[in-house]
Amino acid sequence: MLNDVEIDAFITQKSSFDLLIDARSPKEFNESHIPNAQNFYALNDAEHQEVGTIYKQVSRNDAKILGARYICQNVALHLQEISKHYKIGARIGIYCARGGLRSSSIAIILSHIGYQVYRLTGGYKNYRLHVLTYLETIPHHHFILLGGNTGCGKSELLQILQPSIDLEMLANHLGSSFGSIKGAQPSQKAFENILCEILCKIDPNTYIFIEAESKRMGKCTIPALLHERMQQGFRVEITAPLEQRVERILKDYVSITTDFFNQVMQMISPYIKKSAKEAAQIAYESNHLAEVAKILLVEYYDVVYKKPRKVDLVIDNADQSQSIQALQSLHVKLSNV
């Protein structure tokens, strides 16, 4: 069974698919894709480029014949993997770039075998339009904004509180000068896709816990309307003892390389006292990472942290369980207003 499905119905049914197939090339898939999709490509990167070049420069018919040959070879391999994990009759969603030949070629074969196949009309392009439209018109207005100095435990609180959105985790960035220590970030499209997926699952009428962030986290940018709504939220300033803050950021600092450390220290030179910078570098060279963390917290992060104009509540996070209880009570209180 093969069904062509419009975007709204596709989104509604997506959670019921046993398998979601992205039929685009690996390069397209890795740049961004619908969350939870698996890449069973019709054409690999080299094949996709070759067929596209022939299509534009030589002959459309020659390109179609060559593409069909490659697709048959690739699908033969994919069927072995798909059949191992998904029984005949399973529900499979599928899409390509624009809902064209790549997805239809695989979809027709799967449907004839006996799978229930749902092909996204308009493909990934249509999905991206859905994401951008949603983020430009998000229905969520209620946010509890967690602010505070670096190392106060805001991310840990967000991992427990519900409903919540951990933007730093989604962007794989700490939102600070040393933020890129987490490694490669997702593309902007991938960041927006997963953010949209999370927001769509949260009741628009409830309060959402979220960390106070600047608009950019590394190369990822928070959508304008979401950032504006965040600034209008109920602001909670989180504090914590310096010793606990040091312990928290040490978890990240242990993986810092010397080159990365020196690069960031050079970058923050205009914003930290020369004596503090030198002390941090000496401590790092002596492998006294706790001292490095303490110096940077007191002499850099706390200095450059911009105090918010409005704070609605201050919570000391010395005891995380008490902080969670206070924030959950706040959520109930605001929800009943």
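Quick notes on this one:
- Of residues in segment 175-224 being part of a strand (DSSP E or B) and of a type outside the set (Ser, Thr, Tyr), the one surrounded by the fewest Cβ atoms within 10 Å (Cβ to Cβ): Arg216
- Ala46 being in contact with a Cys (Cβ under 8 Å, 6 or more places away or on another chain), more than 12 Å from Leu19 (Cα to Cα) and of a type in the set (A, V, I, L, M): no
- Scanning segment 150-174 for residues that are touching a Phe, Trp or Tyr at 6+ places or on another chain (Cβ under 7 Å) and either assigned to a helix (DSSP H, G or I) or at pLDDT below 95 (or both) turns up Thr150, Leu158, Leu170, Ala171.
- Residue count for segment 285-298 satisfying the condition of being buried (at least 16 other Cβ atoms within 10 Å of the Cβ) and either among the aliphatic types (A, V, I, L, M) or over 15 Å from Ile249 (Cα atoms) (or both): 6.
- Selected residue (criterion: modelled with the highest pLDDT) from residues of segment 186-218 that are farther than 26 Å from His331 by Cβ and over 12 Å from the mean Cα position of the chain (by Cα): Arg216
- Qualifying residue in segment 247-257 (condition: modelled with pLDDT of 95 or more, in contact with a helix residue (DSSP H, G or I) (Cβ under 6 Å, 6 or more places away or on another chain) and assigned by TED's automatic domain parsing to the domain that holds Leu146): no
- Test result for Ile315, assigned by TED's automatic domain parsing to the domain that holds Leu146 and surrounded by 14 or more Cβ atoms within 10 Å (Cβ to Cβ): yes
- Residue selection: Lys27 fails the criterion of being at pLDDT below 95 and in contact with a helix residue (DSSP H, G or I) (Cβ under 9 Å, 6 or more places away or on another chain).
- Tabulated pairs, segment 299-317, first farther than 30 Å from Ser275 by Cβ, second surrounded by 14 or more Cβ atoms within 10 Å (Cβ to Cβ) and aromatic (Phe, Trp, Tyr), C-beta under 7 angstrom, 6+ apart or interchain: Asp312/Phe234
- Checked against the criterion of being surrounded by fewer than 16 Cβ atoms within 10 Å (Cβ to Cβ), more than 28 Å from Cys220 (Cβ to Cβ) and at pLDDT 95 or above, the candidates Gln116, Gln13, Gln38 yield just one match: Gln13.
- Applying the condition of being in contact (Cβ under 8 Å) with a residue 12 or more places away in the chain, of a type in the set (A, V, I, L, M, F, W, C) and surrounded by fewer than 15 Cβ atoms within 10 Å (Cβ to Cβ) to segment 63-113 and asking which residue is farthest from Leu20 (Cα to Cα) yields Ala68.
- Taking first residues from segment 224-248 that are of a type in the set (A, V, I, L, M, F, W, C) and partners that are outside any helix (DSSP H, G or I) and exposed (fewer than 15 other Cβ atoms within 10 Å of the Cβ), the Cβ contacts under 6 Å between residues at least 6 apart in sequence or on separate chains come to Phe234/Asp312; Val236/Leu313.
- Scan of segment 104-122 for residues that are within 18 Å of Ile11 (Cβ to Cβ) and of a type in the set (S, T, N, Q), ordered by number: Gln116, Thr121
- Taken residue by residue, segment 280-291 has no member that is in a helix (DSSP H, G or I) and under 20 Å from Asp166 (Cα atoms).
- Annotation note: of Gly99, Gly147, the sole residue that is of a type outside the set (Phe, Trp, Tyr), closer than 24 Å to Glu192 by Cα and modelled with pLDDT under 95 is Gly99.
The values are calculated or read from the model by the stated rules, or taken from the named source; none is laboratory data. Keep in mind that this is a model prediction, so the values were computed, not measured. Cβ atoms come from the backbone with ideal geometry, glycine included; neighbour counts cover every protein chain shown.
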